[in-house]
Amino acid sequence: MAADPSRSAADAGAAAEAGDDRLLEVENLQTVFHTERETIRAVDGVSFGIAEGETLGLVGESGSGKSVTARSIMGLVDSPGELLPDSSIRFDGRELTGLSEKQYERVRGGGVAMVFQDPLSTLNPVYTVGNQIEEALSLHRGLSGMDATEKAIELLEDVGIPDAARRVSEYPHEFSGGMRQRAVIAMALACDPDLLICDEPTTALDVTIQAQILELLAELQEEHGLAILFITHDMGVIAEVCDRVAVMYAGEVVEQAPVVELFENPRHPYTRGLLRSIPSTQRGAERLETIEGEVPTPNAPATDCRFAPRCPEAFDACREVHPEAVPVATEGVDDHTAACLLYPEDEPREQAVDRHAGEAAQPHVGADDAGGDSR
Ligand code: SF4
């Protein structure tokens, strides 16, 4: 989990490649919500994979589609939402799209567990913390009675709850915010998952507790060999916990790379904007930059770059051609992609635009529009 700053980008790339045995493979995920007036394309063609024991960070502003991606993987998209037919989510070699609710319950209980931002949304206030962990143990591991209680205490100890034998009988309101999140993680572990999806698990916690929870997740990952999908809007958290990162904007992944590579060589203008908004001790009194404007809500297939209205590097073609993810390799790193018309940067601008438009073999599209500031 935690990104070691001493690791080079090439090391990180090689590690990701070595672990290419993907536990989760999401391909062309499209999750839409139908309203009376329109269809919202909350997740629009997202693809990524996670290897065993790897942490992939999914980062972006609120409204970028991160949480809907997580809920889609968990089979928690309810009507009026649906996954479009070309979407694929393979977990441990098994296709999850199209499973019945009953079949999905077994996936959620066995292979994949989720930790949400607000522990109170997961914990039931009228049952003790122990009851709730024991229920998960009974459902997913067939334990009951003293066996379940002992295991619940062991799990609470595993997640760092002091005096677990006593606290197992306490109610959620008797736990502090940080302890509640630890209890939720213990409940998730009761399912003995291979993949843990963490949706902003530390956002509601103060900074010290946040650091403790991140440390706990790193320890548990090491101990249990967990793969983690870590969702956050916070690039600082990404730097601490992830091996690889997928940056989301308006329902799409716009850049993907090993974490060190992403921080050293961000390519997409949106990623650069996110990185400029991280508080840094080196920045002194200098004001943090923010990205002007808001994430749009996509309601039609993209025919342009959705970031164009906010992009400081936009040129005319950005409003006419939808960028596809293309390799933006740094030497020694071959799994870095960006969906931006500025790339591949070793191609003339017009040719790059044509490639994105899927018309490379034909006379280029919008040559005049491709702008005069060729890179
Ligand atoms: S395609 Fe154009 S608008 Fe979109 S990120 Fe790249 S330069 Fe900016």
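The values are calculated or read from the model by the stated rules, or taken from the named source; none is laboratory data. Because the structure is predicted, anything quoted here is derived from the model rather than measured. Neighbour counts run over all protein chains shown; Cβ positions are idealised from the backbone, glycine included. To get the accessible areas, we keep the full protein, side chains included, count just its heavy atoms, and leave off ligands, DNA and RNA. Shrake-Rupley method; radii C 1.70, N 1.55, O 1.52, S 1.80 Å.
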| task | In nm, give the distance between the simple-model label positions of Gln351 and Glu223, each being 7 Å from the Cα along the Cα-to-Cβ direction. | result | 5.5 nm
| Accessible-area ranking of Ser79, Ser64, Ser100, largest first, probe 1.4 Å | Ser79, Ser100, Ser64
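I need to check one value: relative contact order of the chain, counting alpha carbon pairs closer than 8 Å and at least 6 residues apart, in percent. Mind showing how you got there, number by number?
Working: 733 pairs, mean separation 79.2, N = 375.
Relative contact order for the chain comes out at 21 percent.
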| remark: For the chain, the longest principal axis of the Cα atoms and the Cα long axis of helix 101-110 enclose an angle in degrees, to the nearest 10, of 70 degrees
| request: Could you calculate, for the range 120-192, the ratio of the Cα radius of gyration to the Kirkwood radius, expressed as Rg to Rh? | output: 0.91
| request: Quantify, in whole percent, the carbon and sulfur part of the accessible surface of the chain (1.4 Å probe; protein heavy atoms only). | output: 47 percent
| Taking the Cα atoms only, what angle lies between the long axis of helix 9-18 and the longest principal axis of the chain, rounded to 10 degrees? | 60 degrees
| field | Relative contact order of the range 81-186, pairs being alpha-carbon contacts under 8 Å that are 6 or more residues apart, as % | value | 27 percent
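Which whole-number value in Å² is the accessible area per residue of the chain, probe 1.4 Å?
Working: 17230 Å² over 375 residues.
Result: 46 Å² per residue.
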| message | Output the 0 to 90 degree angle, nearest 10, between the alpha-carbon long axis of helix 129-141 and the longest principal axis computed from the alpha carbons of the chain. | response | 70 degrees
| remark: For the range 162-261, percent of DSSP beta bridges that are antiparallel (nearest 5) comes out at 55 percent
| Which FRET efficiency value, to the nearest 0.05, do you get for Asn265 and Thr303 by plugging their Cβ-Cβ distance into 1/(1 + (r/R0)^6) with R0 = 30 Å? | 0.55
| remark: Over all viewing directions the Cα convex hull of the chain casts an average projected area in nm² of 20.9 nm²
| request: May I ask you to list the chymotrypsin sites (Phe, Trp or Tyr not before Pro) in the range 80-168 that are in a DSSP loop and have at most 14 other Cβ atoms within 10 Å of their Cβ? | output: Tyr127
| How big is the gap, in Å, between the Cα center of the range 17-70 and the Cα center of the range 323-357? | 21 Å
| What is the distance, in nm, between label points placed 7 Å from the Cα along the Cα-to-Cβ direction at Asp92 and at Thr208? | 4.0 nm
| request: Would you please put 250-257, 238-245, 32-39 in order of how densely packed they are, using the mean number of other Cβ atoms within 10 angstrom per residue and starting with the highest? | output: 250-257, 238-245, 32-39
| request: At 37 °C and 0.692 mPa s, grab the translational diffusion coefficient of the range 79-127 from Stokes-Einstein with a Kirkwood Rh over Cα pairs, rounded to a whole number in µm² per second. | output: 249 µm²/s
| remark: Reported to the nearest 10 Å², His356 has, with a 1.4 Å probe, an accessible area equal to 10 Å²
| said: If I model a spin label at Glu157 and Ser277 as a point 7 Å from the Cα along the Cα→Cβ vector, what separation in nanometres do I get? | reply: 4.4 nm
| said: As a test, work out the antiparallel percent of DSSP beta bridges whose residues both lie in the chain, rounded to the nearest 5. | reply: 65 percent
